[in-house]
Structure formats: structure tokens, C-alpha cells
Amino acid sequence: MSRERDVTDNADHRALLPGESASDAERERLAALAGQASALAAATTGAETVGAGQDVVRAADEDQATDLTAAAFFDVDNTMMMGASIFHFARGLAARKYFSTSDLAGFAWRQLKFRIGGRENPDSVRASREQALSFVAGRSVAELVSLGEEIYDELMADRIWAGTRALAQTHLDAGRRVWLVTATPVELAEIIARRLGLTGALGTVAESRDGIYTGRLVGDLLHGKAKAHAVRALAAQEGLDLRRCTAYSDSVNDLPMLSVVGTAVAVNPDAGLREVARRRGWEIRDFRTGRKAARIGVHSVLGASALAGVIAAGLAYRRRDREDRAPAERGRLRALGGRWVPAAWGSAAWGPDAWGPEARGTDTRGPDTRGTNTRGPHALGPAPAPAAQAPRSTR
């Protein structure tokens, strides 16, 4: 689908240029534009896809939708997928020599800092936006879409949380449509949605002309308030009643999206979202093991963020070694399972078990991974027999 947007030639509609800052009012305007562009892209992609005779599974699901005013919206990173989808994509691009290992390490380090700190600021978001755009500027849209298909199979397919996917399926089975909502480029988000048999995806829209990415966004990243704008815009397009819609996320940064729907569910929540969910009486679904879930204090640095830490820690170790610092300083890093990790974070967070079936999202516990809560609107049948690794659900 063409991502050309003539409105970006108008100063009132353009995205920020690299290095350019914005006032609060300007960020709000760009967030609204990003949401509108994402909703338009989602609607246009659906029409083009069906018209082209592709995505038969998705078209069939849409035809079977019977509850046309209710829908579900799922965040992707650490909600539907273990780790950051854009980082998995970047890993795939790095393996294909699209950029250097040092570029990947820099991206990984920013991911890690956010997952530990749990807070984002305009500068960090802008830096992430500029780096992401630098990856695709001058590239063919068709080429990146083709690579996205390959990389999904290689690095993402086995990182889907089985429990979250089961939640999405309950909505589909009830005749409701299901969209992903993510800061990931919309082309990649659409691939993930299609592979999961979902209705579609709302994602960041990058400008392209004549099938080539320009290195600019339409609006801004689909993040924070922009996600709420996108959900509202899609609801208007599709005739949805937001009071009858449900949204799922792991991050406190998605509060704007969670707050615009009638039902909000925290999935594998970080500490901030867990606190808000408990205060507001939102349902909590946690598909991590008890040990991983207990590490909420460091926001369960798993999946892509774990790899980010491995890369960043390894680079830091080598840099300190070259600078010939004291052995005690170098000793702050130690090897676990052949991977360099910060000793202070402990083996529970970074041992080989963090890369096993649980961490990779390949839950083998069957359909009962959909949770044990029978009190809320998402009760999914009898609870499974007690087990050490059963997914937890709390209020």
C-alpha cells in the first residue's frame, strides 16, 4: 500500500525533522495526526488486501464478525509478543547487513534503559524515532515488507504469548474484531496481525514516495496518546462503541489507550500499570512464571530487552577492559550460560532459563493458559488444576 501523504508537504501537517524538538501542543498535534494516519492506513490496507485476493484468513474472520460495535485492541511488545517487535526486526536486518552491530547495540541499550526505568521522555522517544527512521530511509517499502515476512518466521513467531493469543481468540470466537495497536511500523504490525489471524493493525506510518521511504513519519510514533487517537479514529471509521471495546497492554505508557475503552486489562504488567490496575479495579492477566512476575521492580526485563542487556553489558565490559580499569570494576560483570550479564541483576533474571520455552512465549500448557480469573468479563471457563507455572490473574 502506498504510504504517500500529500498533507506532509503542508507545514501544518508535517512530522518533525530529525533533531527537531516540539512543544507540548505540537506533540499533541503530531500524536493526533499519527493516530488518524494509522487508522486510515488500517482501513485502506484491509480494503486493498481483500481486493487483491490475499489474506484469506483475515477476510473470512471479518465476514464472520457478528458483533460489529465491539472490538478488542492489543498492544504488541511484551503483551502479545515477548520483547520488542521492532528490536527483533532490527536484529533480522542486522543479520542481513542492513546496519552494523554497533548500531544494533545502541538501539538495544535504549530499549534496556527504558525497560529498567519504566519512564519515557520526549528526548528518548525522539531519539528512538530518528534511529528507526534511519534504518528505512531510502529503502523500498516492498523490500522491507518482504523482509518483515522472513524475520517474523525467524525471530518472532515463537515469541507470541500463548495466553494472550488465546484472549484474542475469545473475542474472534464471539464475533468481535481484533486489532493490534503498536509503535511498530504499520507494515510490520500488519504482518503480525495477519499471521495471528486477527482483523488488522494500527501502527506507526512512515511516509513513502514512489514506493521508497522518505525517512519521515506521518505525524509521530504511534505511542502513548497517539494510540488513543488511533483507536478513537478507527472506532469512528468502523462504527465501534468504545464503551463496548476492550484494550490490553503491559505498560503504564498505554494508559491513554486503556482509558478510552470500556474495559481495560493489564497483561504481564509493569509496576506502574499494575498499581493503576489495582487502584482502578482492572483485570490483571499475568502469563509469566511466578519468578519472572515477581521481578516487576525491574519491569521483567525479558525477551528483546534481555538480549539488549546482553549486548550492552558485553560492550561495556570490553570498553572497561580496554580502559584497563581495576579488576573489581570489571568483576561487576559475570558470565551466565555463556552470556555476559550485569551481576547486580542476578541469575534469576538472566540465567539460561530466561531463554527457555517460557521466555520465548512457547507456552506448552494448552488452552487453559487463557487465565484463571472467573470473576471478570473475560472469564474463560474452568480454571486449570493448580500448577507451579500456571498463569496468574488478579484484581
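So, ARG159, is that one modelled with pLDDT of 95 or more and not β-branched (Val, Ile, Thr) or not? Yes. Quickly run through the range 167-185 and pick out the residues that are modelled with pLDDT of 95 or more and touching a Ser or Thr at 6+ places or on another chain (Cβ under 6 Å). Scanning the range 167-185 gives GLY175, ARG177, VAL178, TRP179. Considering only residues in the range 192-211 that are of a type in the set (Val, Ile, Thr) and modelled with pLDDT under 95, the one that is nearest to ALA157 (Cα to Cα) turns out to be THR204.
Conditions (1) of a type outside the set (A, V, I, L, M); (2) touching a strand residue (DSSP E or B) at 6+ places or on another chain (Cβ under 9 Å); (3) crowded, with 20+ Cβ neighbours inside 10 Å, marked per residue:
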{"position": "VAL231", "(1), (2), (3)": "no, yes, yes"}
{"position": "LEU234", "(1), (2), (3)": "no, yes, yes"}
{"position": "LEU240", "(1), (2), (3)": "no, yes, yes"}
{"position": "ARG244", "(1), (2), (3)": "yes, yes, no"}
{"position": "ALA247", "(1), (2), (3)": "no, yes, yes"}
{"position": "ASN253", "(1), (2), (3)": "yes, no, yes"}
{"position": "ALA266", "(1), (2), (3)": "no, yes, yes"}
{"position": "ARG285", "(1), (2), (3)": "yes, yes, yes"}
{"position": "THR289", "(1), (2), (3)": "yes, no, no"}
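The residues of the range 168-215 that are surrounded by fewer than 19 Cβ atoms within 10 Å (Cβ to Cβ), of a type in the set (A, V, I, L, M, F, W, C) and over 20 Å from VAL265 (Cβ atoms) amount to a single one, ILE212.
Can you confirm whether LEU144 is over 26 Å from PHE287 (Cβ atoms) and either touching a Phe, Trp or Tyr at 6+ places or on another chain (Cβ under 8 Å) or of a type outside the set (Phe, Trp, Tyr) (or both)?
On the way: over 26 Å from PHE287 (Cβ atoms): yes; either touching a Phe, Trp or Tyr at 6+ places or on another chain (Cβ under 8 Å) or of a type outside the set (Phe, Trp, Tyr) (or both): yes.
So LEU144 fits the description; yes.
In the range 103-110, is there at least one residue being buried (at least 16 other Cβ atoms within 10 Å of the Cβ), in contact with a strand residue (DSSP E or B) (Cβ under 9 Å, 6 or more places away or on another chain) and either of a type in the set (A, V, I, L, M, F, W, C) or modelled with pLDDT of 95 or more (or both)? Within the range 103-110 (the criterion being buried (at least 16 other Cβ atoms within 10 Å of the Cβ), in contact with a strand residue (DSSP E or B) (Cβ under 9 Å, 6 or more places away or on another chain) and either of a type in the set (A, V, I, L, M, F, W, C) or modelled with pLDDT of 95 or more (or both)), the answer is no, since none of the residues qualifies. How about the range 138-166: which of its residues are farther than 17 Å from ARG195 by Cβ and touching a residue at least 12 places away in the same chain (Cβ under 8 Å)? Hits for the range 138-166 are GLY138, ARG139, SER140, VAL141, ALA142, GLY163.
The values are calculated or read from the model by the stated rules, or taken from the named source; none is laboratory data. These numbers were taken from a predicted model, which means no experiment stands behind them. For neighbour counting, all protein chains shown are included, and Cβ atoms are generated from backbone atoms with ideal geometry for every residue, glycine included.
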